[in-house]
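The structure appears below as structure tokens.
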Amino acid sequence: MKIFLDTANLEAIRKFNDMGLLDGITTNPSLMSKEGGNPKDIMKEITKIIKGDVSLEVLSSKYSGMIEEGKRLHQYGKNVVVKVPMTSDGLKACKHLSSEGIPVNVTLVFSPNQALLAAKSGAKYVSPFIGRLDDIGQDGMHLIKEIKQIFSNYDFGTKILVASIRHPIHVVDAAKIGADVVTLPPAVLDKMIQHPLTDIGLENFLSDWEKLKARNPNMQI
Ligand code: G3P
């Protein structure tokens with residue numbers, strides 16, 4: 001399963017990329033608005049840091065505007081995937097951009113039918129938002145199971161990019177189902193690294209080593 005980071009924060013992107021953890025990045029207008037600076041510079045910088053796919057979202061809700069913006073966004077880097085919303089105009093833009101060789105991520109997907117239609121329109125990725133479904137009392141992960149089954153039945157090439165992830169258990173469940181990608185807020189990726197028993201174990205190793213050093217002051221490794 002690929003891991004994308006769901007952020008436009010360059011510091012976080014560099015931090016996790018230096019650990020070799022990142023296969024790509026997803027952004028959206030809300031994530032861009034959290035960052036200071038010029039969004040164009042940020043988007044260009046992300047495409048330079050990350051070798052894998054970088055999703056940059058259009059702002060227009062109309063087909064012609066999406067095509068215009070999608071083409072401009074694609075010039076920011078060869079690895080740009082244009083993110084369009086799951087609407088009629090979005091699907092039309094998905095078909096057009098995909099047929100011109102510009103990969104598309106259809107976002108704001110909340111039902112298996114929406115995922116099916118995005119795949120039919122030629123999307124490279126569909127982005128089901130599981131946390132937002134959980135928030136309204138529906139089972140977000142069930143949607144991932146349904147999309148996985150539908151896509152395997154018909155051999156769609158479209159990848160399932162699980163979005164709106166809230167905690168590490170979401171990641172484990174998505175991996176068990178066989179989702180292609182999870183896109184994670186930096187805080188969730190941080191939590192996945194940590195375990196209290198790792199911290200306690202390390203503390204014990206170091207204090208035991210101090211005891212050994214006290215007996216052999218010139219000891220080095
Ligand atoms: O990429 C966007 C998606 O992950 C949104 O997440 O937390 O705003 O529901 P959230």
For the stretch 169-184, Karplus-derived ³J(HN,Hα) couplings (6.51, -1.76, 1.60; θ = phi - 60°; whole Hz; x for glycine and proline) come out as 5, 4, 5, 4, 5, 5, 5, 4, 6, x, 4, 6, 9, 10, 10, 10
Which residues qualify? For Asp6, with a placed amide H closer than 5 Å and at least 5 residues away or on another chain, they are Thr26, Leu184
For 39-46, 127-134, ranked highest to lowest by mean beta-carbon neighbours within 10 Å, the order is 127-134, 39-46
Applied in sequence order to the stretch 29-40, the curve 6.51 cos²θ - 1.76 cosθ + 1.60 (Karplus, θ = phi - 60°) yields integer Hz couplings, x standing for Gly and Pro, of x, 5, 5, 5, 6, 6, 9, x, x, 7, x, 4
Between Lys159 and residues 5 or more places away or on another chain, the pairs with built amide H atoms under 5 Å apart involve Tyr125, Val126
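Can you tell me the accessible area per residue over the stretch 2-193, all protein chains present, probe 1.4 angstrom, in square angstrom? The partial results should precede the final answer.
Details: 9080 Å² over 192 residues.
Normalised by residue count, the accessible surface of the stretch 2-193 is 47 Å².
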About its Cα centre, the stretch 2-193 carries a charge dipole, from +1 on Lys and Arg Cβ atoms and -1 on Asp and Glu Cβ atoms, whose size in debye to the nearest 20 is 340 debye
Taking protein heavy atoms only, a 1.4 Å probe, and rounding to whole percent, the accessible area of the chain owed to carbon and sulfur comes out at 53 percent
Residue by residue through the stretch 191-208, the couplings from Karplus 6.51 cos²θ - 1.76 cosθ + 1.60 with θ = phi - 60°, in Hz, x for Gly and Pro, are 5, 5, 6, 8, 8, x, 5, 5, 5, 5, x, 5, 4, 5, 4, 5, 6, 5
Under the helix-only model (-39500 (n - 2.57) for each DSSP H run of 4 or more, divided by the residues of the chain), the mean residue ellipticity at 222 nm, to 500 deg cm²/dmol, is -16000 deg cm²/dmol
So Asp155 and Lys40, fully extended at 0.36 nm per residue minus their Cα-Cα distance, gain in nm 37.8 nm
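Could you tell me whether the stretch 2-193 comes out rounded, prolate or oblate from its Cα gyration tensor? Rule is a ≥ b ≥ c as square roots of the eigenvalues, rounded for a/c under 1.5, then prolate if a/b exceeds b/c, otherwise oblate. Walk me through the numbers on the way to the answer.
Numbers: a/c = 1.61, a/b = 1.03, b/c = 1.56.
Oblate, since a/c reaches 1.5 and b/c is not below a/b.
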From the Cα centre of the stretch 195-219 to that of the stretch 61-119, the distance in Å is 54 Å
If every Lys and Arg gets +1 and every Asp and Glu gets -1 at its Cβ, then about the Cα centre the stretch 34-100 yields a dipole, in debye to the nearest 20, of 120 debye
Going through Lys78/Lys120; Lys15/Lys62; Lys2/Lys211; Lys40/Lys145 one by one, the pairs whose alpha carbons sit over 31 Å apart turn out to be Lys15/Lys62; Lys2/Lys211; Lys40/Lys145
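Could you tell me the calculated FRET efficiency between Ser33 and Lys2, based on Cβ-Cβ distance and R0 = 22 angstrom, to the nearest 0.05?
Numbers: r = 26 Å, r/R0 = 1.18.
With a Förster radius of 22 Å, E is 0.30.
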When the charge dipole of the stretch 114-193 is computed with +1 at the Cβ of Lys and Arg and -1 at the Cβ of Asp and Glu, the Cα pointing farthest to the positive end, of Leu161, Gly140, Ile130, is that of Leu161
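Compute the length gained on full extension between Asp18 and Arg166: take 0.36 nm times their separation in residues and subtract their Cα-Cα distance, giving the result in nm to one decimal. Before the final figure, lay out each step's value.
Values: separation 148, 0.36 × 148 = 53.28 nm, distance 2.32 nm.
Between Asp18 and Arg166, full extension yields an extra 51.0 nm.
The values are calculated or read from the model by the stated rules, or taken from the named source; none is laboratory data. Bear in mind the structure is a predicted one, so any value in this text is a computation, not a measurement. Cβ sites come from the backbone with ideal geometry, for glycine too, and all protein chains shown count toward neighbours. In case anyone asks, the SASA skips ligands and DNA or RNA and just uses the protein heavy atoms, side chains included. Shrake-Rupley method; radii C 1.70, N 1.55, O 1.52, S 1.80 Å.
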